[in-house]
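Undergrad: Submitted below is the structure of interest, expressed as structure tokens.
The values are calculated or read from the model by the stated rules, or taken from the named source; none is laboratory data. As the structure is a computational prediction, the values presented were derived from the model and not from experiment. As a convention, Cβ positions derive from the backbone with ideal geometry for all residues, glycine included, and neighbour counts pool all protein chains shown.
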Amino acid sequence: MKTVVTTGRTVEDAVQAALVRLGVPRERVEVRVLQEPVRPRFGFLGGRDAKVEVTVFPTPEERCQAFIEGVLQRMGVEARVEVSSAGGEDEPQISAQVRCAEGDAATVIGRRGNTLDALQYLVNVVVNQDRGDFLRVALDCGDYRRRRRESLEKMAERAASRAVRTKRPVSLAAMPASDRKVIHTHLQGRRDVITTSEGAEPHRKVVIVPVVSSEPRRSERRRGER
């Protein structure tokens, strides 16, 4: 957070001087009055200006970037973090991209994205501290999320085709909830299979079940992760 101390004939004058120096609107700052103004006696004796301390609140984007950069620095990773606003009024969010060398990217992503998911969880907690509404942070590194989603969707299609061909359920390997959700969502469009999740974390897995009837009931179709 950036803080400046300014003076003026009135408190409001001092605050406006601080806003000009900081280049931010009033709603982004906290004002602490250090000294009230005193009018001079007899027109010229004993007067003093107001003094204020004005502190800028970091934007969610700034808080996001500072946190991620701090964690990466402690991990010994040299990276550039690009943060931007995304989504709309119904689902506001922040998009954060970590740009780094391939070797460092492997460290940031971790096995099956575990490190990246953990970092994304933590930055969401930090950004949403003291907020009334929830602002989702989507964190990625080296375009991992897109590549992982495409890989999972191909896996889901192969498994679904095998389930239909053999008329037997097909169990996938245990995977995190975010990966299971990709599988469930992708296969919602198919009328020849339904999906469910079985087992307890961290060994929970997706099971793809062929539909015997040519017209499955809607109530049987899975509409996302449970």
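Undergrad: In this structure, does A66 turn out to be free of Cβ contacts under 8 Å to residues at least 60 places away in the same chain and either part of a strand (DSSP E or B) or among the basic types (K, R) (or both)?
TA: The answer is no for A66.
Undergrad: Find the residue count for segment 177-210, including only residues that are in a loop (DSSP other than H, G, I, E, B) and either among the basic types (K, R) or touching a strand residue (DSSP E or B) at 6+ places or on another chain (Cβ under 6 Å) (or both).
TA: Within segment 177-210, residues that are in a loop (DSSP other than H, G, I, E, B) and either among the basic types (K, R) or touching a strand residue (DSSP E or B) at 6+ places or on another chain (Cβ under 6 Å) (or both) number 4.
Undergrad: Do we find a residue being surrounded by fewer than 16 Cβ atoms within 10 Å (Cβ to Cβ), assigned to a strand (DSSP E or B), hydrophobic (A, V, I, L, M, F, W, C) and modelled with pLDDT of 90 or more anywhere in segment 32-51?
TA: Pass one, segment 32-51, residues surrounded by fewer than 16 Cβ atoms within 10 Å (Cβ to Cβ): 32-36, 38-48.
With the extra rule that they be assigned to a strand (DSSP E or B), the set shrinks to 32-35, 38, 41, 45, 48.
Remaining after also requiring hydrophobic (A, V, I, L, M, F, W, C): 33-34, 38, 45.
After this cut, where a residue has to be modelled with pLDDT of 90 or more as well, the list is 33-34.
Yes, that holds for at least one residue.
Undergrad: So, one more: Consider G76 carefully, then state whether it is without any contact (Cβ under 8 Å) to a residue 60 or more places away in the chain and on the phi > 0 side of the Ramachandran plot.
TA: Answer is yes for this residue.
Undergrad: Here is a check on your reading of the model: is R99 assigned to a helix (DSSP H, G or I), more than 26 Å from K2 (Cα to Cα), in contact with an Asp or Glu (Cβ under 8 Å, 6 or more places away or on another chain) and not assigned by TED's automatic domain parsing to the domain that holds E36?
TA: no
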